[in-house]
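Undergrad: Once you've had a glance at the structure underneath, I'll fire off some questions.
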Amino acid sequence: MNNFIELIRIVRSSTLLAPDHTVLLETLSDAATVWRQTGSLAAYQVIVSALDSNDDEIRRWAEETLNRHSPRPVRRAS
């Protein structure tokens with residue numbers, strides 16, 4: 001993850017073949033792990049850039065990754 005600008009360009013690309021697509025999703029997962037563990041702004045920007053991807057699966061992954069992962073509090077009956 002040394003070159004985030006290049007990774008952002010690749011994420012936004014619409015010409016990925018199946019093997020490249022799988023590698024990209026794995027790399028994005030690595031970026032998400034770095035973001036969660038260190039709060040890295042560059043890793044966050046890579047995830048946000050995936051929202052602009054032409055690939056539906058990559059966009060969906062980015063939306064899910066950026067959404068809240070903690071459970072909502074249990075609603076108590078009044």
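Undergrad: Any idea which residue in region 1-26 is modelled with the lowest pLDDT, counting only those that are farther than 12 Å from Ser49 by Cβ and surrounded by 11 or more Cβ atoms within 10 Å (Cβ to Cβ)?
TA: Top of the filtered list is Met1.
Undergrad: Within region 28-78, which residues are at pLDDT below 85 and of a type in the set (Ser, Thr, Tyr)?
TA: Correct list: Ser53, Ser70, Ser78.
The values are calculated or read from the model by the stated rules, or taken from the named source; none is laboratory data. These numbers come from a predicted model, not from an experiment. Positions of Cβ are generated from backbone atoms using ideal geometry, with glycine treated the same way; all protein chains shown enter the neighbour counts.
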